[in-house]
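Notes follow once the structure below has been shown.
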Amino acid sequence: MLYPSTPFPGAEDPPPLRIAVCLNSYNSRFLPAVEASYVRALGRAAPDAALAFFESAQKGEFPEPSQFDLIVLGGANVDPRASWDFVLKIHGFIRTLVAQYPDKKVVGICWGHQTISRVFGADIVNMDVPEMGVTSINLTEEGRKFFPHAAATGVVRLQQHHRREVAAAPAKFAPLAQGSQIFLNDNNTILTFQGHPEKDAQTARLRMHDTQRWFGFDALDEKAWARLEAQIETHHDGDAIWRRVVRWVREPSRGLYAPQPS
């Protein structure tokens, strides 16, 4: 597979991208901070892009797909396997989006990655050890081709914040990284990340308290908190990932029939 990374010589500048971000956390006081993290990250990768945010879980808001070049399904604070009404409405939006707009570019992040995978038939499982902070992700050969900035090392680094994972890629999705971390569908229209390319240390710090529930951290253990702080502050590839996503949005689909959600 070929993944163009530069425009053709003499090509005119493309119009600014129109990007919709679905915020999927329910009743979360962190939504303004999450939105701000997207503004910072996408502002660096695509300074002229027009961003619009939709509170899909809290208010049932969804973008009109025809009005956007890219739809991002972001993280959430609930189990993706739940059958709550707002979760099922997000499932319905994904199914309608794929059926009616099979060439629309979609990115899933964390809960979005898991939820898209689940809608397409994958299993979501609890992790033995949750992930938090910046981790190294080993790319597959397809992943090295897709992310040329990491072709030599075969590794990308992203902020993580999850205690569940996708057991294996759904049908007609290729793993771009080991450990079910990044998927790309066969039609080159749906790209998903378990990690958070939009998160910087400023945003990641807001959820450090989860370590007390997830890892049993002692609130007074200064060394444990210092190690976590250092992991959150570690350099990551979020900006490079978003620049690649921006180029990918302008790449054509492969003209395949979209895989139908299960």
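The values are calculated or read from the model by the stated rules, or taken from the named source; none is laboratory data. This one's a predicted model, so the numbers in the text were calculated from it and none came from an experiment. Every residue, glycine among them, receives a Cβ derived from its backbone with ideal geometry; neighbour counts consider all protein chains shown. Side chains included, ligands, DNA and RNA excluded: accessible areas come from the protein's heavy atoms. Shrake-Rupley method; radii C 1.70, N 1.55, O 1.52, S 1.80 Å.
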Next item on the list: Could you tell me which numbered condition R118 fails, if it satisfies all but one of (1) open to solvent by less than 20 Å² (accessible area, probe 1.4 Å); (2) out of contact with any Cys (no Cβ under 9 Å at 6 or more places or on another chain)?
Entry: (1)
Next item on the list: Evaluate the stretch 154-176: report whether one residue or more is touching a residue at least 40 places away in the same chain (Cβ under 8 Å) and in a helix (DSSP H, G or I).
Entry: no
Notebook entry, point to check: Pairs under 8 Å by beta carbon, first residue open to solvent by 20 Å² or more (accessible area, probe 1.4 Å) in the stretch 19-39, partner of a type in the set (D, E, K, R) and in a helix (DSSP H, G or I), six or more apart or different chains?
Noted result: F30/R207
Next item on the list: Check D128 against each of (1) free of Cβ contacts under 8 Å to residues at least 40 places away in the same chain; (2) outside any strand (DSSP E or B); (3) open to solvent by 10 Å² or more (accessible area, probe 1.4 Å) and name the one condition it does not meet.
Entry: (2)
Next item on the list: State which residue is surrounded by the most Cβ atoms within 10 Å (Cβ to Cβ) when the search covers only the stretch 66-105 and only residues that are touching a Pro at 6+ places or on another chain (Cβ under 6 Å) and over 22 Å from L42 (Cα atoms).
Entry: L97
Margin query: As an exercise: evaluate F217 against (1) at pLDDT 95 or above; (2) farther than 17 Å from V245 by Cβ; (3) not in a helix (DSSP H, G or I) and give the number of the one condition it does not meet.
Written below: (1)
Check: Can you name the residue in the stretch 170-204 that is under 27 Å from P65 (Cα atoms) and open to solvent by 40 Å² or more (accessible area, probe 1.4 Å) and is also nearest to the chain's Cα centre (by Cα) among such residues?
Finding: P175
Checklist line | Conditions (1) modelled with pLDDT under 95; (2) within 17 Å of A240 (Cβ to Cβ): number failed by M127 | finding: (2)
